[in-house]
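What follows draws every value from the coordinates through simple rules; no lab data is involved. This is a predicted model, so every value here is computed, not measured. With ideal geometry, Cβ positions are generated from the backbone for all residues, glycine too; neighbour counts draw on all protein chains shown.
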Amino acid sequence: MPQGTAAVIGGGIMGSGIAQVLARAGYDVRVREINEDLAEEARDRLISGNYGLDDAVEGGYIDEDEKEAILERLTFTTDLEAATDGTDFVIEAVTEDLAVKGKVFRELDAVTDDQPLYSNTSGFPVTSIANAVSDPSRVAVMHFFNPVPIMSMVEIVQAPETDEAVVNLAEELVDELGKTGVTIDDAPGTYGFIANRCYAAMRREAQRVVEEGVATEEQVDKALEEGYNLPVGPFSLRGIGEEWD
């Protein structure tokens, strides 16, 4: 049975992953992209990309009938108002650029009523995003981790102005999706919440170890992977898609 209706703004790697887990949980999901080509790419990514529905079928997590039922609950559009009209909540998952997110939230403020608005930002304070909305009480962060269909953790971040019902809904949603949530208070003036701040500190120290000639990048990765059971060391992680300053 459908759980409700949600909008996901942005159909990139994070947005398509969020849309997938919502649709698999029974939500009718509308994914909004800025043009038809990107909307089609989002649909293709959700189906045949890494950890997409095809992989779920191949891995035995769902069957073909379930895949088709999930796809029936998904809509891809370029119309922001149509995507958000009548939804229970909205999750923004555009590029990690505060100016872009601010623009999106100003647009959401103009076309939505009073439903909760969540950002999937990996580190911008809630207040810096909620400033774009006339009623900041309906804004919070739900930071999913990549790849969304696989990773369990979701960081829920509330500002002092955030309505308790908005936080409660996020926590209920995390439970419905079978994920693990931590709810924390906003920390203006910093970037990152829990995991990314801790990881950034490890990354900086790993770089210092190499620069001081203590060990090679490969040795650092091996020590952290084998010594602390990390799935991948910081330098290997950089090699599969992360760029360091």
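ASP55 to ASP113: FRET efficiency via 1/(1 + (r/R0)^6), r the Cβ-Cβ distance, R0 30 Å, to the nearest 0.05?
Working: r = 37 Å, r/R0 = 1.22.
The formula returns an efficiency of 0.25 here.
Given a Förster distance of 30 angstrom, what is the FRET efficiency for VAL100 paired with GLU64, based on the Cβ-Cβ distance and rounded to 0.05?
Result of the calculation: an efficiency of 0.20.
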message: If you fit an axis through the alpha-carbon atoms of helix 195-211 and take the longest principal axis of the Cα set of the chain, what angle between them do you get, 0 to 90°, nearest 10?
response: 30
- request: Read through the labelled values (i) 58, 44, 33; (ii) 70, 54, 28; (iii) 52, 41, 39 and report the label of the one computed as Cα extents along the principal axes in Å from the structure.
  value: (i)
query: LYS101: which lysines have alpha carbons under 28 Å from its alpha carbon, excluding same-chain residues fewer than 8 sequence positions away?
result: LYS179
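Once you sort the root eigenvalues of the Cα gyration tensor of segment 168-220 as a ≥ b ≥ c, which label holds: rounded (a/c under 1.5), prolate (a/b larger than b/c) or oblate (the other case)? Show your work: numbers first, answer last.
Values: a/c = 7.03, a/b = 2.31, b/c = 3.04.
Note, shape of segment 168-220 comes out oblate.
How many percent of all Cα-Cα pairs in segment 194-244 sit more than 14 Å apart?
Details: 653 of 1275 pairs.
Percentage above 14 Å: 51.
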statement: Computed over the chain: longest principal axis from alpha-carbon atoms vs helix 13-24 long axis, angle to nearest 10 degrees, is 50
field: Percent of beta bridges antiparallel (DSSP, the chain, rounded to nearest 5)
entry: 15
query: Can you give the Kirkwood hydrodynamic radius of segment 99-245 from its Cα pairs, in Å with one decimal?
result: 17.0
- prompt: Excluding the sites themselves, what is the longest stretch of the chain that contains no GluC sites (Glu not before Pro) in a DSSP loop with at most 10 other C-beta atoms within 10 Å?
  reply: 1-211
query: Stretched out fully, how many nm does the piece from SER48 to ILE184 gain, at 0.36 nm a residue minus the Cα gap?
result: 45.5 nm
- prompt: Want the number for ASP37 to ALA223: 0.36 nm per residue separation, take away the alpha-carbon distance, what's left?
  reply: 62.6 nm
